[in-house]
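Structure, as structure tokens:
The values are calculated or read from the model by the stated rules, or taken from the named source; none is laboratory data. What you are looking at is a predicted structure, and each value in this text was computed from that prediction instead of being measured. Methodologically, a virtual Cβ is constructed for each residue, glycine included, from the backbone with ideal geometry; neighbour enumeration extends over all protein chains shown. In case anyone asks, the SASA skips ligands and DNA or RNA and just uses the protein heavy atoms, side chains included. Shrake-Rupley method; radii C 1.70, N 1.55, O 1.52, S 1.80 Å.
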Number of protein chains: 2
Amino acid sequence: MATQADRTRRPFVLEEAVAILSRTPATLDAVLRGLPDDWIRAHEGDTTWSSFDVVAHLINTDRTNWMPRARIILDYGEARPFDELNRSAHFVESRGRTLVSLLDEFASVRQNSLRDVATLRLTESDLERRGGHPALGVVTLRQLLATWVAHDLDHLMQISRVLARQYSDEVGPWRAYLRIIREAHG
Amino acid sequence: MATQADRTRRPFVLEEAVAILSRTPATLDAVLRGLPDDWIRAHEGDTTWSSFDVVAHLINTDRTNWMPRARIILDYGEARPFDELNRSAHFVESRGRTLVSLLDEFASVRQNSLRDVATLRLTESDLERRGGHPALGVVTLRQLLATWVAHDLDHLMQISRVLARQYSDEVGPWRAYLRIIREAHG
């Protein structure tokens, strides 16, 4: 639990989580909208994702993961484990799309997700309700919603890293000072 | 060097670098403006930086690092090594400030920096001009400008990570899936 002096942990507060989640579409817009397509489609090699892929994935997870799983917890608890996610569905869903249309769709999908959150009028005791994750076992609604926030930020970090690493060679000796480039893709 | 098929490296193109650099103020605004102060001031422990510190640092580096060093390269070449940077100057500069005033200042400082870039009308041969880094030795203007871009993205990554890690405990078992939380601070 966070104490007043601890600046490395925040307790989950629904309004704060919503404040962060509501910012993500505008953040992705600011970073990506209008960038040359070669940058949008750049990735970290092999089967790693591009910024385009990440936006498509965030649309997919708002549709299939966060609020759908929240509803399963509220309606069934542990009696009905979550459905498995398809972590490559967004490749099919985004085929032939433009980044602009994905960014617009994400803004709309996220707005709907957060409207659904508000409609539920979740109480502290709702947040402690438990569900069954197919691999991780028992989880709470509070953990699910905190993970939604961290997942957004994880993918914002990924986009920053994917873009920066395009200049891994161009930065020359400064590579040694740039953690974003220096650290191996794990 | 990037080839047409290589999506993991982009060659340095000034217009593209400027396109990314010009986005950073709006990106930081989207992520941070209006967030509760406890989030803005959150950090990763010990002497690590908060999001507030990062914005102050970006103002400082636009003022003292990127374009000042570019001018030293263009005016003196290797004959005059860069001045050392003061990596903690921003702590003093930002004392008593609000995040909103720092975000406004960063937008203005960055706009001025990019106006200065445009005024120089840099050619490909300018980009190959060399300067002397006090620790790294010979560097080119091209490397300096590429590093400016990667440095912005490195700090955007840092802000994402600082915020996400506040929920390191709250995500519960999902911690195992979240690279942003799982990986130790290095």
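Brief remarks on what is shown
- Cβ-defined net charge surrounding A:Ile181, 9 Å radius [Lys, Arg +1; Asp, Glu -1]: +3
- Sorted shortest first, the distances from the B:Asp46 label point to those of the same residue in the other copies are 3.0 nm; each point sits 7 Å from Cα along Cα-to-Cβ.
- Two-site FRET efficiency, B:Leu85 against A:Glu84, from Cβ-Cβ distance with R₀ of 45 Å, rounded to 0.05: 0.35
- Against chain B, whose longest principal axis is taken from its Cα atoms, helix B:67-76 shows a tilt of about 20°.
- Assigned charges on the beta-carbon of Lys, Arg, Asp, Glu; the range B:11-93 dipole about Cα centre (debye): 180
- Dividing the C-alpha radius of gyration of the range B:63-116 by 2.2 N^0.38 Å, with N its residue count, gives 1.37.
- Expressed as a whole percent, the accessible surface of the range A:11-60 that belongs to carbon and sulfur atoms is 51, based on a 1.4 Å probe.
- For chain B, the Cβ-based charge dipole about the Cα centre amounts to some 260 debye (Lys, Arg positive; Asp, Glu negative; other atoms uncharged).
- If R0 equals 45 Å, the separation of the Cβ atoms of B:Asp38 and A:Asp116 corresponds to a calculated FRET efficiency of about 0.95.
- Over the protein assembly as shown: Rg over Rh, Cα atoms, Kirkwood Rh: 0.99
- Rh (Kirkwood; distinct C-alpha pairs) - chain B, Å: 18.2
- Signed unit charges on C-beta, dipole axis of the range B:1-95, positive-most listed residue B:Gly45, B:His90, B:Trp66: B:Trp66
- One compactness figure for the range B:30-110 is 1.28, namely its Cα radius of gyration divided by 2.2 N^0.38 Å.
- Sorted from shortest to longest, the distances between the A:Glu183 label points of this copy and the other copies are 0.4 nm, with each point 7 Å from Cα along the line through the beta carbon.
- Each eigenvalue of the Cα gyration tensor of the range B:89-186, multiplied by 5 and square-rooted, gives one semi-axis; in descending order these are 34, 21, 13 Å.
- Inter-chain shielding of B:9-15 (mean C-beta neighbours from other protein chains, 10 Å cut-off): 5
- Position B:Ala19, label points 7 Å along Cα→Cβ, spacing to each other copy in nm (shortest first, one decimal): 3.4
- Shielding by partners for peptide B:24-31, expressed as the average number of C-beta atoms from other protein chains within 10 Å of each residue's C-beta, is 5.
- Point-charge dipole on Cβ atoms (K/R +1, D/E -1) for the protein assembly as shown, about Cα centre, debye to 20: 100
- Sorting A:Phe106, A:Phe91 by accessible area puts them as A:Phe91, A:Phe106; the probe is 1.4 Å, largest comes first, and only protein heavy atoms count.
- Within-11-Å neighbourhood charge of A:Leu127 [Cβ basis; K, R +1; D, E -1]: -1
- Compactness check for the range A:7-61: Cα Rg over 2.2 N^0.38 Å is 1.44.
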